[in-house]
1. Could you go through region 205-211 in sequence order and give the Karplus-derived ³J(HN,Hα) for each residue, using 6.51 cos²θ - 1.76 cosθ + 1.60 with θ = phi - 60°, rounded to whole Hz, and x for Gly and Pro?
2. Order Val28, Val347, most accessible first, counting only protein heavy atoms with a 1.4 angstrom probe.
3. What share of Cα pairs, in percent, lie more than 22 angstrom apart in region 163-289?
4. Local charge sum around Pro129 (other residues, Cβ-Cβ under 12 Å, Lys/Arg +1, Asp/Glu -1)?
5. Which value results for Rg/Rh of region 5-251 when Rg is the Cα radius of gyration and Rh the Kirkwood radius based on the inverse mean 1/r?
6. Looking only at the chain, where both bridge partners belong to it, what percent of the DSSP beta bridges are antiparallel (to the nearest 5)?
7. Give the average over all directions of the projected area of the C-alpha convex hull of region 60-167, one decimal, in nm².
8. From Cα coordinates alone, what are the radius of gyration and Dmax values for region 299-443 in angstrom?
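The values are calculated or read from the model by the stated rules, or taken from the named source; none is laboratory data. This structure is a prediction, so every number in the text was calculated from the model and none was measured. Backbone-built Cβ (ideal geometry, glycine too); neighbour counts: all protein chains shown. Protein only, heavy atoms only, side chains kept; ligands, DNA and RNA dropped before computing areas. Shrake-Rupley method; radii C 1.70, N 1.55, O 1.52, S 1.80 Å.
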Amino acid sequence: MARELIIALDEGTSNVKAVAIDARGQVVTKASRPLTVDTPRSGWVEQDGMMLLNASLTVVSEVIHSVGENRVAALAISNQRETAMGWERATGKPIAPAITWQCSRSSPFCEQLRGDHQDALIRSVTGLPIAPLFSASKMRWLLDNTADGAERAANGELCLGTIDAWLLWHFTGGKQFRCDTSNAARTQLLNLQTGEWDEAMLALFGLPRVALPEIHPSSGLFGTTRGLSGIPDGLPIMAMVGDSHAALYGHGLGQAGGVKATYGTGSSVMAPLLTPDTSITQLATTVAWHDGERLVYGLEGNIPHTGDGVAWMAQATGLTDGKGQVLSRALHELPASIDSTLGVYFVPALTGTGAPWWDDQARGVICGLSRGVTPAHLIRASLEAIAYQIADVITAMRQHPGFHLETLMVDGGPTQNPWLMQFQADLLGCPVARSSTPELSALGAGLLARRALEQLNDSQLIALLPEHDCWLPDAARYQQLNTSWQGWREAVQRTLWQPAGQTHQGEQHEA
């Protein structure tokens, strides 16, 4: 049989999956494994880098075994973003656990940068606000907390990279040390204008260029597999891209008017841009992808706790005693079984807030409790919090003169809840379109790989895109929910940490 299948790996925070995608864009088979997250201290979130690697290798080899290696044309990788890894160049062994995107351990360094008034410089070069979310401060922490870390990195003994670089290194037997443009754009080290590592940012964060991977377009040859159990040598890796960017690509290749929201552990709201614009301080300007021919930018708001907030509430209310379908049914049925939250708001700032507030010192709050509140009201409040946070980001996006929203295109596990999708449509007053495939990030990476492998153009790739299920807004509910939204904003203010004499970026948003 012809080698028509692309195996796309989607390495996320809570699970890793691999899917085989045929020439029509259809998923033929898939495999997945759950991943664990460790929180050894307050605000610290980390994962075992070898666990991420081994789980990735396992699901890829399972899918290859299922379809037969003679049918596999190439591999593609999408990955959790901003998570930082450090490893020894000689052995490939991690120097520490992976510091995940949710981790706020580098907050003191970020506060130092703010105190030194580096905000405007960092944003003008990288498009990103100062926040422990991004990789550079995590990489700095790794060097500061590794014996002779800075010296070893400067001597080329240590590698620092995002998860795509970590996986590629091992998939190619240590032969390729590369990352893609979209992941590089999430580090606070990439110059948006040049598409290269920026010397001023490297100096500011104290990171040697020799310790960082080469930057390549998201679509194209990154290397070939070598020395892996269950995976044949010589398979080309034809795409690497951040998972949120891959989802935007999988929805509609970044067509204007299509704004993407990924609902997962956290959420990313991203709108495609033709040129970088760093003037909206509550949002990040980033690289969406480089398809091998052109660079596409993105305006993005990152939210650290959406599905994660629901999971926390489910645990706090005892719902996690239910297993599998029991828990899923409860999360679907409970919010629809009541008319409101009785005025309860849950702001899940469990390790701080992301866009549009960017307050890593904030902590979560449940407010508006009264005697009649039940677990159902609390669960509903946690789901409403997802929609409110996404709506806050879209409000900030409306400041951009080139922004327009025709449809909110959504993906991720929580989007399987029809009540939540209707609530989101009513809150925003616009259609919400859910992709018919739950493997959208993998599909997006697979499309980028097929683009390079077969030299396809946009019109040919559009024919491979999945269908969408749509929810239309209710005009009366839109008016009602705007009042509730104001109550949410007041609840958010309760979480924010504000030293005397300082002003929150969120206050600008409220104005």
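1. 8, x, 10, x, 4, 5, 7
2. Numbers: Val28 65, Val347 5 Å².
So, going from the largest accessible area down, we get Val28, Val347.
3. On the way: 3478 of 8001 pairs.
Cα-Cα pairs in region 163-289 separated by more than 22 Å: 43 percent.
4. Working: positive: Arg114, Arg123; negative: Asp119, Glu300, Asp359, Asp360.
Neighbourhood net charge equals -2.
5. 0.97
6. So the antiparallel bridges amount to about 70 percent of the total.
7. Details: hull surface 36.9 nm².
That works out to 9.2 nm², a quarter of the Cα hull's surface.
8. Cα only, region 299-443: 15.5, 48 Å (Rg, Dmax).
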